[in-house]
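The values are calculated or read from the model by the stated rules, or taken from the named source; none is laboratory data. Computed from a predicted model, the values in this text were never measured in an experiment. All Cβ positions, glycine included, derive from the backbone under ideal geometry; neighbour counts span all protein chains shown.
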Amino acid sequence: MNTERALRFLDLQALVNREIEVYGQASVELADQLTELTDQLTDEEIEYVLEFKTESMKKVNVKALGNQFSIFGNRGNVWSNTAHAYQSGRGNLCGTPALSSNHAAMSGIEEVGCPECLKQIAISGYVQVPLNR
Ligand SMILES: [Zn+2]
């Protein structure tokens, strides 16, 4: 069981998802890497990935992350309950640029709901891990 490979898969998948979200499509290189890695995963590693995803679906109160973190979200994030975890000096954990007004903070939202931010929180045990490590 190669935990590192399973986590690498989650990272790659997050990168591909982010490119699709930001650019409407993922780069061929990234998509190829993901396909290649997917083929290498053992049943046990796939199970680990799925378990990990279930765990990282649980929403987290931003106050539980410590004082380096705050909530960030645009209007869409407020409506869809997908606010990001914003780390001071770095930005949103998922890498989504924090460009708009912070409607999540203005609305008093405390719950991180962005799936990719939650994934990063779950991977790192509340410590930031860059996606592109
Ligand atoms: Zn996020």
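If you go through region 88-114 and keep only what is within 10 Å of Phe72 (Cβ to Cβ), in contact with a strand residue (DSSP E or B) (Cβ under 6 Å, 6 or more places away or on another chain) and away from the ligand (no atom under 12 Å from the Cβ), you end up with Asn102, Ala105, Ile109. Within region 67-87, restricting attention to residues that are outside any helix (DSSP H, G or I) and of a type in the set (Ser, Thr, Tyr), the residue that is farthest from the ligand (Cβ to nearest atom) is Ser70. For region 51-88, a residue qualifies if it is of a type in the set (Phe, Trp, Tyr) and in the same structural domain as Leu10 (by TED's automatic domain parsing), and exactly one does: Phe52. Within region 60-105, being aromatic (Phe, Trp, Tyr) and more than 21 Å from Asn17 (Cα to Cα) holds for one residue alone: Phe69.
Contact map, region 88-105: residues that are basic (Lys, Arg) paired with residues that are surrounded by fewer than 21 Cβ atoms within 10 Å (Cβ to Cβ), Cβ distance under 8 Å, separation 6+ or inter-chain. Pairs shown: Arg90/Gln128.
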